[in-house]
Structure formats: C-alpha cells, structure tokens
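The values are calculated or read from the model by the stated rules, or taken from the named source; none is laboratory data. A quick note: this is a predicted structure, and the numbers were derived from the prediction, not measured. Ligands, DNA and RNA are excluded from the accessible area calculation, which covers all protein heavy atoms including side chains. Shrake-Rupley method; radii C 1.70, N 1.55, O 1.52, S 1.80 Å.
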Amino acid sequence: MNEDTRAFLAAVLAAIDLPAPATLGDREVFQRLLEDRVLDAVVALTGALGEPPAADWGLGWHTDYLCKRLATKPPTTYRHFSVDGGTR
C-alpha cells in the first residue's frame, strides 16, 4: 500500500472511530457527530473513487479535505469513556 492510500484510509478511519459515549445523553451528541463525520467520509470516498466533479483532484486532495472537515468536528462535544473505564 502506498503512502497516499494509507493516509487516506487513516483519515476515513479517524472519521468513524469515535470514543464511546459515557451516558445516554452523550449518546445523542455522539450519534449526531458520527453522522456528520460519516457524511464527510462519504464525500471524500466518492471523490477518491473518481466521481464527478472531483475526478481529477487526486487522493492527496481528498485526504486533506477530509482532515480539514474532521478538524471542525472533534469528539470533544460529549463525554466518553477513557481507557481506564472512567469518563472524559
């Protein structure tokens, strides 16, 4: 796998691999955030697969697009479980 492909796949994984919500109330915020991030990943995947109008923009462009979109939607808007079982 080349470096561009690996970077793109890592960005897609970052879009969908969010920490689990800590409470039921946090789950609603988590779900909305995940849906927004999945839509960004779908747009990037569609473009990377060569669908118009982004057919000639290159994988690096789609990786940058997705990373910039994800940066505006960090998983800091809800409490989630930490590795040690507590919440953050």
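Each residue of the stretch 6-22 is assigned a 3J(HN,Hα), and the resulting list reads 4, 5, 5, 5, 5, 5, 5, 4, 4, 5, 10, 9, 9, x, 5, x, 7 Hz, derived from the Karplus form 6.51 cos²θ - 1.76 cosθ + 1.60 (θ = phi - 60°), x at Gly and Pro. For the chain, relative contact order (Cα pairs under 8 Å, six or more residues apart, normalised by length) works out to 39 percent. Hey, in the GNM for the chain with a 10 angstrom Cα cutoff, which one of 41, 22, 11 fluctuates hardest? For the chain, modelled as a Gaussian network with Cα springs under 10 Å, the answer is 22. Only helices enter the 222 nm calculation for the chain: every DSSP H run of n ≥ 4 contributes -39,500 (n - 2.57), and dividing by all residues gives -20000 deg cm²/dmol, rounded to 500.
Percent of Cα pairs in the chain per distance bin of 10 Å, from zero to the largest separation: 18, 42, 26, 13, 2. Heavy atoms only, probe 1.4 Å: what % of the accessible area of the chain goes to carbon and sulfur, would you let me know? About 59 percent, which is the carbon plus sulfur part of the accessible surface.
If you count only protein heavy atoms with a 1.4 Å probe, what accessible area per residue comes out for the chain, rounded to a whole Å²? Walk me through the numbers on the way to the answer.
Values: 5770 Å² over 88 residues.
Roughly 66 Å² per residue, with all protein chains present.
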